[in-house]
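A short worksheet on the structure shown next.
The values are calculated or read from the model by the stated rules, or taken from the named source; none is laboratory data. Model, not experiment: these values are computed from the prediction. Please note: Cβ atoms are built from the backbone with ideal geometry, for glycine as well, and neighbour counts cover all protein chains shown.
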C-alpha cells in the first residue's frame with residue numbers, strides 16, 4: 001500500500017500538481033492482516049494550488065478490507081467517495097475488523113458515494129494470462145486499485161508502468177501492468193462513479209523538480225554539505241525506525257566520497273563518527289529517540305572535545321519503544337537539555353521534507369564554525385512524507401569555509417583550545433607536523449588543552465562552551481513572522497508542523513482574525529530577535545505534538561505567558577485542530 | 001645528547017604522569033616510548049585512542065595525536081578514525097573492565113571487521129581507578145571492595161575472546177618482561193589488520209601479585225611457556241618440560257627418557273584455524289603454564305580494504321552529487 005501511495009503521488013507531481021503525503025503504517029513488517037492493527041495507510045494530497053499539508057480529511061478513501069474502512073472512515077469528507085474491495089467484505093473480513101453487520105449493507109455508508117468493486121476477483125481474472133501464482137495474482141490488487149484512481153483523476157499510467165518495468169521482471173511485471181490497466185478500464189466502464197475529476201497543474205517556481213521524502217532530503221543534504229565543506233562524508237548508524245532510510249540512501253553515495261558504517265550499536269555509531277571528525281572527515285550519525293538516548297554520553301563527549309558532529313533525531317512516538325512508526329515532537333527536551341553536566345549544543349528542526357536539505361547544510365555550517373556537535377530534529381511525519389522539491393543548483397550554494405591550521409615549525413607550544421572571535425577552537429588534523437595534541441572527556445585547561453581540575457578554569461570553560469553555542473545566533477538563517485508583526489495572537493510552532501499551522505493561520509486571517517504565525521527552525525539557542533517578536537502580541541499559542549516542551553522553554557527564557565496546543569496521539573495536527581485553538585484563544589467560536 | 005635520547009623525547013609529552021608509583025603501566029609506557037621512535041613513523045602520523053580507566057590515561061603522556069575516550073568505546077572511536085584516515089597508525093589502549101565489560105561489544109566487532117588498529121589490553125584483573133571492585137577477568141574467590149565474600153563468577157579470557165572474534169593478530173606479554181614486551185609491541189605495530197595484545201599488568205594497590213607466576217623471575221620460567229613460530233613448546237627453568245597434544249588435550253610432559261622435543265606441539269601462528277591457538281589460550285595457571293608470545297598472526301583483508309570507499313576529487317564529487325540529486329523521476333516547470 002505504501003508503494004501504491006507513493007506512485008499516485010509521483011504521477012500527480014509529474015503532471016505538475018503540488019503534493020503532500022502522509023504514510024501511516026504499523027511497526028510490524030507483517031502485522032496481523034485484516035485487523036485494524038494491521039492497516040497500512042497512505043494519504044496523498046494533490047492540488048493545482050500550493051499544498052501545505054496532506055490534508056485533514058480525504059475526498060476519496062480506498063479501503064482494501066473492512067479493517068481499513070473501519071480505521072479510516074472518520075477521515076472521509078461528508079459525501080466523499082469510498083471505494084471498497086467488495087470481495088474482502090466476507091464473513092471472515094468482517095469478523096477480523098469486528099464489524100457486527102456488513103457496512104455495505106446496513107446503510108451506514110449511505111451519506112457517501114459508495115463504489116463497491118470486486119477488486120480481488122477482477123484482479124485475479126485480469127492477470128490470469130500472465131500465468132502467475134494465485135498468491136502473486138492477489139498481490140496485484142493494489143495496482144488494480146491504483147488504476148481506478150488514475151482513471152478517476154485522469155492520470156496517465158506511464159510513470160507507474162515505467163516503475164513496474166524497473167522494479168519487477170517477467171511475469172510479475174506483466175501481471176502488475178495487467179492489473180493496473182484492468183483497474184483503469186473498470187473505472188471507465190463501470191457506472192458506479194458519478195463523476196471523474198480534472199486537477200490542473202499548480203504553478204510553482206520554475207526549475208527542475210523531483211519528489212523527496214524527509215529522509216531522502218536529509219541524505220541529499222548530508223552529501224551536499226560534505227561537498228560544500230570539501231569533506232568526505234562519514235555517516236554512521238544503527239538500524240532504527242524511522243531513521244534507517246538515511247543510512248540506506250547515503251550508502252549509495254560512495255561515488256561522491258561518502259562512507260557509511262552500520263555500527264554494532266547506537267553508541268558505536270556516534271563514537272565512530274566522533275573518531276571520523278577528529279581525523280578531519282564530516283562525522284555524522286542519525287537515529288530516533290531511543291537510539292539518541294543511547295548516544296547521550298557520546299554527545300556530551302563531543303561537547304567536551306569541541307569537534308564538529310551532526311546528530312540527526314527522526315523523532316517518533318515515545319517514551320521507550322513507544323510508537324515506532326508514528327509522529328511526535330516529544331524529544332525537544334532530550335535534544336536541548338538531555339545530557340549530564342552543562343552540555344549545550346545547537347538544535348535545529350526541519351519544517352518538512354524538502355526543508356531537511358537546507359537544515360542539514362545550515363547545521364553543518366554551524367558545527368564547523370563553532371566546533372560543536374549539532375542536533376537536527378526531524379520526525380516520522382516529515383521523514384516519510386513526500387513533496388515536490390526544486391532541485392538546487394549546488395554551484396550556487398554558499399561554500400562552508402573551514403581553515404585547518406597548517407604545519408607548525410617554531411618551538412612555541414600548539415594551543416588546541418585557543419579561541420577565535422566566536423569562541424571556537426582550531427580543528428587541527430592528525431598528520432600535521434607540530435600540531436600533536438590530546439583531547440578527551442576530562443576538563444581541559446583553556447588554551448593549552450592540558451588536563452585541568454582547577455575550579456576557576458572549569459567555570460571559565462563551562463561559560464565558554466555556553467557562550468560559544470549562544471554565538472550560533474550570529475550564523476542563523478533569518479526568521480520571519482507570517483502575517484503582521486503585531487496582533488492579538490501569535491501561533492508559534494516548530495519542526496514538521498509548519499504546513500498545518502501555516503494553513504490554519506492563513507485561513508483564520510482570511511476570516512479577519514488578528515493572528516500571525518512564527519515557525520522556528522532554531523530551538524537552541526533561540527534566534528536573537530525572538531523575544532521582541534513575542535512581545536508584539538497579546539497572546540502566544542505554542543502548537544506542538546507533545547505536552548508543551550517548547551512552551552516551557554519559551555516561558556522560562558522570555559517570561560511570556562504562552563498557552564499550548566498539544567497533541568500526543570501519534571498523528572500530525574489537522575488544520576481544524578489549529579483553527580479551533582486559534583479561535584478559542586481569541587475568545588471566539590470557530 | 002645521544003641519538004636515542006633525542007628520539008625518545010619526541011614521543012613523550014610534557015604532561016605529568018599520574019599513575020601510582022610502582023604501577024605496571026609505567027613499564028609498558030617505557031617500552032612504548034622505546035619502540036615508537038624505531039617504527040619509522042612520525043609522531044603526527046600516530047594516534048592513540050583510549051577508553052576510561054587507569055590504562056586509558058596513556059595517550060596523554062605521549063607526544064602523538066590522542067583521544068581519551070569514554071568508557072569502553074575506544075575501538076569504536078578508533079574504527080571511525082582509521083576508516084577515514086587510513087594513513088594514520090592507530091593504537092587503542094584499554095583495560096579489562098573497559099574492553100571486556102562496558103565495551104565488550106566494540107572489541108568483538110572491531111576485531112571481526114579486521115579494522116587496522118592495534119589494541120593493547122592492560123589486564124590487571126581489577127578495577128583500579130574506581131577503587132578496587134572485581135573486573136570481568138577477576139578469578140573466582142577474589143575478595144574486592146564490592147565482593148567482601150569473594151567473587152563467584154567465571155572470568156572472561158581476553159585471548160579466547162580475541163580468537164573467537166577472528167582477530168588476525170593475537171598475542172600476550174607481561175608488563176615487566178621488557179625484552180619480550182618490546183618485541184611484541186614491534187610485531188603489533190608491523191601487523192596489518194586488527195592486532196590484539198593482552199598485557200599482564202600488576203596493580204599493586206588493589207590486586208598485587210595477580211601475575212606473580214608470570215613476573216617473578218625465580219618462578220616464571222616454570223609457569224609460563226614462551227611460544228615462537230615453528231618452535232616446540234619447551235619451558236621450565238631447566239628447559240626440561242614441554243607441552244604435547246595428547247588426543248584432543250594439551251598436557252605437560254617431562255623431557256628426558258620417555259619424551260623428546262619431537263613429541264611436543266610445534267607452534268604455528270599462521271595455522272588455518274584458531275583451534276590450537278584456542279587450546280593454548282585455555283592453558284591456565286596453576287593447572288598449566290600460561291603462554292606468552294604471538295598465538296596467531298595471519299593476513300586477511302582489512303575493514304578499509306573491504307569497504308567500497310572511494311577517494312574522489314572535489315570536481316568528481318560535485319559532478320557525481322549533481323547526478324544523484326537529479327536522479328529518478330524529475331520534471332521541469334517552465335516560466
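There is at least one residue in region B:296-310 that is closer than 30 Å to residue B:81 by Cβ and part of a strand (DSSP E or B). Of the residues examined, residue B:206 is not one that is in contact with a helix residue (DSSP H, G or I) (Cβ under 7 Å, 6 or more places away or on another chain) and surrounded by fewer than 24 Cβ atoms within 10 Å (Cβ to Cβ). The single condition among (1) over 30 Å from the mean Cα position of the chain (by Cα); (2) in a strand (DSSP E or B); (3) away from every other protein chain (no Cβ under 14 Å) that residue B:293 does not meet is (1).
Test residue A:499 against the stated conditions and say whether it is buried (at least 21 other Cβ atoms within 10 Å of the Cβ) and at pLDDT below 95. Criteria met by residue A:499. Here residue B:320 fulfils each of the conditions (1) surrounded by fewer than 18 Cβ atoms within 10 Å (Cβ to Cβ); (2) at the interface with another protein chain (Cβ under 10 Å from one of its Cβ atoms) apart from (1). Looking across region B:209-235 at every residue that is part of a helix (DSSP H, G or I) and touching a helix residue (DSSP H, G or I) at 6+ places or on another chain (Cβ under 6 Å), the one that is nearest to residue B:283 (Cα to Cα) is identified as B:223. Are any of the residues in region B:246-266 away from every other protein chain (no Cβ under 14 Å), touching a residue at least 60 places away in the same chain (Cβ under 8 Å) and assigned to a strand (DSSP E or B)? So far as region B:246-266 goes, no, none of its residues is away from every other protein chain (no Cβ under 14 Å), touching a residue at least 60 places away in the same chain (Cβ under 8 Å) and assigned to a strand (DSSP E or B). For region A:165-208, the set of residues classified as within 14 Å of another protein chain (Cβ to nearest Cβ) and closer than 20 Å to residue A:137 by Cα consists of A:165, A:166, A:167, listed by residue number.
Inspect all residues belonging to region A:503-516 and state whether any of them is without any contact (Cβ under 8 Å) to a residue 40 or more places away in the chain and within 28 Å of residue A:369 (Cα to Cα). Looking for residues that are without any contact (Cβ under 8 Å) to a residue 40 or more places away in the chain and within 28 Å of residue A:369 (Cα to Cα), one finds none in region A:503-516, hence no. Note on region A:516-588: enclosed strands (runs of 3 or more DSSP E) holding 2 or more residues that are modelled with pLDDT of 95 or more, under 23 Å from the mean Cα position of the chain (by Cα) and under 30 Å from residue A:361 (Cβ atoms) are A:522-524, A:537-544.
Candidates in region B:68-104 are the residues that are assigned to a loop (DSSP other than H, G, I, E, B) and within 19 Å of residue B:307 (Cα to Cα); of these, the one that is nearest to the other protein chains (Cβ to nearest Cβ) is B:85. Figure legend. Inter-residue proximity from region B:154-170: first residues surrounded by fewer than 21 Cβ atoms within 10 Å (Cβ to Cβ), second residues assigned to a loop (DSSP other than H, G, I, E, B), beta-carbon distance below 7 Å, spacing 6+ or different chains. Indicated pairs: B:154/B:140; B:155/B:136; B:155/B:137; B:155/B:138; B:155/B:139; B:156/B:136; B:156/B:137. Number of residues in region B:10-32 that are part of a helix (DSSP H, G or I) and within 14 Å of chain A (Cβ to nearest Cβ) equals 2. For region A:36-64, a residue qualifies if it is touching a residue at least 60 places away in the same chain (Cβ under 8 Å), in a strand (DSSP E or B) and crowded, with 18+ Cβ neighbours inside 10 Å, and the qualifying residues are A:46, A:60, A:62. Which residue out of A:18, A:90 is free of Cβ contacts under 8 Å to residues at least 12 places away in the same chain and either assigned by TED's automatic domain parsing to the domain that holds residue A:155 or surrounded by 20 or more Cβ atoms within 10 Å (Cβ to Cβ) (or both)? On inspection, the qualifying residue turns out to be A:90.
In this structure, residue A:162 qualifies as farther than 17 Å from residue A:85 by Cβ, assigned to a helix (DSSP H, G or I) and either touching a residue at least 60 places away in the same chain (Cβ under 8 Å) or within 14 Å of another protein chain (Cβ to nearest Cβ) (or both). Considering the conditions (1) within 30 Å of residue A:214 (Cβ to Cβ); (2) assigned to a helix (DSSP H, G or I), residue A:460 is excluded by exactly one of them, (1). It is to be established whether one or more residues within region A:385-403 are in contact with a helix residue (DSSP H, G or I) (Cβ under 9 Å, 6 or more places away or on another chain), surrounded by 19 or more Cβ atoms within 10 Å (Cβ to Cβ), more than 14 Å from chain B (Cβ to nearest Cβ) and closer than 30 Å to residue A:327 by Cβ. Taking every residue of region A:385-403 in turn, at least one turns out to be in contact with a helix residue (DSSP H, G or I) (Cβ under 9 Å, 6 or more places away or on another chain), surrounded by 19 or more Cβ atoms within 10 Å (Cβ to Cβ), more than 14 Å from chain B (Cβ to nearest Cβ) and closer than 30 Å to residue A:327 by Cβ. Looking for whichever is at pLDDT 95 or above and under 14 Å from residue B:296 (Cβ atoms) here; the options are B:178, B:167. Which one fits? It is B:167.
Of the residues in region A:406-428, not one is in a loop (DSSP other than H, G, I, E, B), within 14 Å of chain B (Cβ to nearest Cβ), modelled with pLDDT of 95 or more and in contact with a helix residue (DSSP H, G or I) (Cβ under 7 Å, 6 or more places away or on another chain). Checked against (1) in contact with a strand residue (DSSP E or B) (Cβ under 9 Å, 6 or more places away or on another chain); (2) surrounded by fewer than 23 Cβ atoms within 10 Å (Cβ to Cβ); (3) facing chain A (nearest Cβ under 8 Å), residue B:41 passes all but condition (3). The set of residues from region A:244-280 being under 26 Å from residue A:427 (Cα atoms), in contact with a helix residue (DSSP H, G or I) (Cβ under 7 Å, 6 or more places away or on another chain) and in contact (Cβ under 8 Å) with a residue 60 or more places away in the chain comprises A:278, A:279. If we scan region B:68-85, do we find a residue that is over 30 Å from residue A:257 (Cα atoms) and modelled with pLDDT of 95 or more? The answer is yes, given that some residue of region B:68-85 is over 30 Å from residue A:257 (Cα atoms) and modelled with pLDDT of 95 or more. Restricting A:226, A:217 to residues that are at the interface with chain B (Cβ under 9 Å from one of its Cβ atoms) and either touching a residue at least 12 places away in the same chain (Cβ under 8 Å) or within 25 Å of residue A:15 (Cβ to Cβ) (or both) narrows the list to A:226. Evaluate the following for residue A:211: is it away from chain B (no Cβ under 14 Å) and within 30 Å of residue A:137 (Cβ to Cβ)? No: the conditions fail for residue A:211. Checked against (1) crowded, with 24+ Cβ neighbours inside 10 Å; (2) at the interface with chain A (Cβ under 7 Å from one of its Cβ atoms), residue B:60 passes all but a single condition, namely (1).
Could you list all residues from region B:191-240 that are without any contact (Cβ under 8 Å) to a residue 24 or more places away in the chain and farther than 11 Å from residue B:290 by Cα? Hits for region B:191-240 are B:208, B:209, B:212, B:216, B:217, B:218, B:219, B:236, B:237, B:238, B:239, B:240.
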